[in-house]
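Below: one structure, written as structure tokens.
The values are calculated or read from the model by the stated rules, or taken from the named source; none is laboratory data. Please read these numbers as outputs of a predicted model, since none were measured by experiment. Positions of Cβ are generated from backbone atoms using ideal geometry, with glycine treated the same way; all protein chains shown enter the neighbour counts. Calculation scope for accessible area: heavy atoms of the full protein, side chains included, ligands and nucleic acids excluded. Shrake-Rupley method; radii C 1.70, N 1.55, O 1.52, S 1.80 Å.
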Amino acid sequence: MRRIALTGAALTLVSVTACSGGSGNAPAAGSNGTLTLAIGNAATPWDLSTAVLGDNIQYYEPVFDSLVHLDAQANPKPNLATSWSYDKTRTVLTMKLRSAVKFTDGTALDAAAVKANLMHTKEGANEAAGKLNAITSVDAVDSTTVAIHLSAPDPQLVASLGDPSGMIASPKNLEAKGGPVGSGPYVLDKGATTNGSTYTFTRNADYWNKKAYPFNKIVIRNISDPTARLNALLAGQVDWARITPQTASQVKGRGLEVKAHPDSVEGLYIWDRAGKIVPALGKVKVRQALNYAFDRESIVKKVNLGYATATSQMATEGSSWYDKSLEKNYPYDPAKAKKLLAEAGYPNGFTVTMPDVSSVAPGQQAVMTQSLQDIGIKVKVDKIPFTELFSALQSGKYAMSWFKLQSGQPWDFIQSELTKDAAWNPAKDFDPSLNSVIGKAQKATGSTQTDAFREINAYLQTNAFNAPWDVLDAVQGNSKKIKVTPRSYVSAVPIRNMAPAS
């Protein structure tokens with residue numbers, strides 16, 4: 001899982017010259033020559049069945065073209081698929097494919113190749129595979145037509161085909177043995193690539209849509225250390241990098257651009273809503289009390305330095321399930337929190353063990369612990385290594401924790417946290433009433449579906465499934481020699497959304 005980022009990390013700027021090695025050999029930033037990116041996440045294997053999302057999308061995009069293209073508002077547009085339509089049951093998606101496209105090994109990109117890819121990716125166990133769960137089979141109707149059969153309607157499937165879930169590799173090399181082979185705008189230059197460090201991509205001369213990718217070369221540097229990543233940006237070694245709110249002023253001070261766009265909802269995520277680990281959490285009034293415990297505006301200003309928007313709902317503004325009337329329904333009110341705890345039978349609070357996240361979110365860790373203690377909840381901090389955090393959370397070890405998830409696309413969020421087998425439903429909690437509305441939303445379309453999604457959003461707030469604090473911004477810095485257009489609902493900026501400034 002890569003939806004979590006190092007947004008809250010406390011950073012100390014070290015000498016640029018010590019980390020850069022000098023900027024004289026840096027590529028020509030923003031020219032039609034080379035675009036260089038710094039990514040904190042290590043690359044995963046090139047086999048798309050293992051693909052994860054988040055910033056990792058930038059590793060795959062140069063080589064693999066996708067069935068659809070997502071515009072800046074995340075709306076699907078034609079790409080390898082030129083058109084598509086559902087049947088009346090919305091369980092068969094028929095797509096017409098672009099003709100005369102070839103993979104860089106000379107193999108034709110046809111319906112048989114798309115079928116092989118979708119079924120191969122679906123069999124994986126990571127995020128790209130998870131978005132294809134509803135697919136039961138794919139028929140190659142003819143060389144340029146595929147019919148994708150689903151077990152049930154999937155409101156997000158077409159958009160998912162604009163991510164690695166819908167990227168297409170050569171059917172002769174689905175497992176990417178020896179390296180990736182796609183039909184995308186670039187090819188991996190193995191001679192200029194060092195696995196785990198630097199990945200170089202040179203132009204695919206036969207790509208059908210060269211205008212969409214104006215750079216002749218793409219270089220991706222894996223720089224996991226936030227300070228080193230920042231210094232590479234300041235030194236001109238890279239043209240784009242994810243940064244933190246704490247370092248944004250330094251980036252601006254060097255004459256670079258800082259861009260921020262809404263990304264994910266952070267807060268106290270309550271995993272144990274059935275009260276199996278901490279019985280108190282099984283009571284709605286207790287979970288509601290937790291929502292009144294946090295001073296959201298203060299968190300935005302003091303912890304996130306304004307790169308966030310206070311909220312008490314799980315939906316991101318601008319998304320189809322956002323409801324402005326839910327925005328401030330849990331104002332900061334410790335006295336009310338204590339009153340609700342007493343009414344629920346916990347006048348003296350209770351004790352809960354939570355994982356330590358101070359290595360990546362020190363401010364959030366501190367404010368969360370103090371806010372809970374202020375209403376009588378005793379927090380025992382488990383000093384678990386950060387590398388073990390995700391597996392421990394998903395195993396159901398902790399009753400609640402600080403966390404953040406993207407929630408701009410309602411169906412994606414539902415599949416991530418609300419369904420019984422969701423990756424972020426570690427307790428396998430099942431709410432029949434909620435499940436009924438989810439089923440209604442899944443089968444509906446248009447305004448009826450929107451109404452159902454908003455009903456789900458309201459249900460989550462009323463029943464205090466989590467205690468959201470704010471919508472965090474994804475913050476990034478870039479050279480003024482390039483123009484960057486963020487895409488809604490994702491932290492990463494697609495390479496297609498970057499171009500020379502002039």
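Figures for the structure shown
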read-out: Residue in segment 468-478 that is open to solvent by 20 Å² or more (accessible area, probe 1.4 Å) and outside any loop (DSSP other than H, G, I, E, B) present; value: yes
read-out: In segment 336-348, residue nearest to Ala310 (Cα to Cα) [restricted to those that are outside any loop (DSSP other than H, G, I, E, B) and open to solvent by less than 70 Å² (accessible area, probe 1.4 Å)]; value: Ala337
read-out: Matching residues, segment 58-86, being β-branched (Val, Ile, Thr) and open to solvent by 20 Å² or more (accessible area, probe 1.4 Å); value: Thr82
read-out: Out of Glu417, Glu455, sole residue that is modelled with pLDDT of 95 or more and either surrounded by 15 or more Cβ atoms within 10 Å (Cβ to Cβ) or among the small types (Gly, Ala, Ser) (or both); value: Glu455
read-out: Which numbered condition Val367 misses (of (1) free of Cβ contacts under 8 Å to residues at least 24 places away in the same chain; (2) under 23 Å from Ala392 (Cα atoms); (3) aliphatic (A, V, I, L, M)); value: (1)
read-out: Residues of segment 107-135 satisfying the condition of being under 16 Å from Ser49 (Cα atoms) and of a type in the set (Val, Ile, Thr); value: Val114, Thr121, Ile135
read-out: Flag for Gly318 being in a loop (DSSP other than H, G, I, E, B), open to solvent by 40 Å² or more (accessible area, probe 1.4 Å), in contact with a Pro (Cβ under 8 Å, 6 or more places away or on another chain) and farther than 16 Å from Glu266 by Cα; value: yes
read-out: Filter result (open to solvent by 10 Å² or more (accessible area, probe 1.4 Å) and in a loop (DSSP other than H, G, I, E, B)) within segment 41-57; value: Asn41, Ala42, Ala43, Thr44, Pro45, Trp46, Asp47, Leu53
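Every residue, every condition in (1) open to solvent by less than 10 Å² (accessible area, probe 1.4 Å); (2) among the β-branched types (Val, Ile, Thr); (3) closer than 29 Å to Lys440 by Cα, yes or no:
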{"residue": "Val379", "(1), (2), (3)": "no, yes, no"}
{"residue": "Pro385", "(1), (2), (3)": "no, no, no"}
{"residue": "Glu388", "(1), (2), (3)": "no, no, no"}
{"residue": "Gly396", "(1), (2), (3)": "no, no, yes"}
{"residue": "Leu405", "(1), (2), (3)": "yes, no, yes"}
{"residue": "Pro410", "(1), (2), (3)": "yes, no, yes"}
